[in-house]
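Below is one structure, written out as structure tokens; comments come after it.
The values are calculated or read from the model by the stated rules, or taken from the named source; none is laboratory data. Keep in mind it's a predicted model, so treat the numbers as computed, not measured. Note that we place each Cβ from the backbone using ideal geometry, even for glycine, and neighbour counts take in every protein chain shown. Side chains are part of the model used for accessible areas, which takes the heavy atoms of the whole protein and leaves out ligands, DNA and RNA. Shrake-Rupley method; radii C 1.70, N 1.55, O 1.52, S 1.80 Å.
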Amino acid sequence: MLNIAVLVSGGGTNLQALIDSERNGEIKNGKIVRVISSKADAYAIERAKKVGIPAVVVERKKYENSQQYDEAILSALEESKADLVVLAGFMSILGASVIRKYENKIINIHPALIPSFCGKGFYGLKVHEAALEKGVKVTGATVHFVNEIADDGAIILQECIKVNDDDTPQTLQRRVMENIEWKILPKAVSLFCEGKIEVVGSKTKIKE
Ligand code: GRF
């Protein structure tokens, strides 16, 4: 059974999807053991408390520099004995020391089809605003490993949906979350915990 630490910053709907999937037995060989929030007021913390998952707050602004912040994140992860780190709406930057220690053991959910609308500055609603501005006919979400370049790690799972003519950034974000993010993130976590994700260079092979 692998220990899963989930890093959050906001509403925690992706965390909730993981909690619900675990409860439904859809995360094979994995257990959420810790929630680490970069914000003290993140509703994700309430979601963790409701189901008895220990939650800690590690706020970037409490640390003088990014190195001290990374050390605080590392000690929280070591304490939880995390085998897998999941970024679920996590809005802080993880430094190289964290990423190197957990190489190909940190996964992130990005609300677009990487390599579209990703990288520095593309997060949350901004991603959907850019997709609508470009006039794409399909969009979606990507689960990928985290490396030292934003949204650049090996892609694990992607799914797409049609963009409607009357979509706003808000309606598109909601549909991507409900129909894709909350499905492919738990699926990717389960595949990882089942040992079914093979990293080959900068890509992955999924053993179904
Ligand atoms: C979602 O759009 C997700 O794609 C992005 O953060 C947003 C909020 O996620 N990574 P959550 O509701 O806090 O899980």
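Helix-only estimate, please: 222 nm mean residue ellipticity of the chain, summing -39500 (n - 2.57) across DSSP H runs of length 4 or more and dividing by its residues, to the nearest 500.
On the way: 7 runs with 69 residues, N = 208.
Counting only the DSSP helices, I get -9500 deg cm²/dmol.
The shape of the range 133-208 can be summarised by an equivalent ellipsoid whose semi-axes, obtained from the alpha carbon gyration tensor, come to 26, 14, 10 Å from longest to shortest. Across the range 1-87, the volume of the C-alpha convex hull divided among the residues equals 79 Å³ per residue. Note on the range 111-175: along the principal axes its Cα atoms extend 36, 22, 18 Å, ordered by decreasing extent. Couplings 3J(HN,Hα) for the range 26-33, derived from phi with the Karplus relation 6.51 cos²θ - 1.76 cosθ + 1.60 (θ = phi - 60°), are 8, 10, 6, 6, x, 9, 6, 10 Hz, where x marks Gly and Pro. Label positions at K196 and K81, each projected 7 Å from the Cα along the C-beta direction, are separated by 2.6 nm. Size descriptor for the range 2-206, Kirkwood hydrodynamic radius: 17.0 Å (Cα pairs only, one decimal). Distances between placed amide hydrogens fall under 5 Å for T204 paired with I155, all partners being 5 or more residues away or on another chain.
Looking at the range 2-206, the DSSP beta bridges with both ends there are about 45 percent antiparallel. Around the amide H of L113, modelled in the peptide plane, lie the amide H atoms of G140, all under 5 Å away and 5 or more residues distant in sequence or on another chain. Of all the options L84, L94, L15, the one that moves most in a Gaussian network model of the chain with Cα springs shorter than 10 angstrom is L94.
Using a 1.4 Å probe over the heavy atoms of the protein chains, calculate the carbon and sulfur portion of the accessible area of the chain as a whole percent. Spell out each step's value before the answer.
On the way: 5220 of 10460 Å².
Of the solvent-accessible surface of the chain, carbon and sulfur hold 50 percent.
Between helix 125-134 and the chain there is an angle of about 20 degrees, using the helix long axis and the longest principal axis of the Cα atoms.
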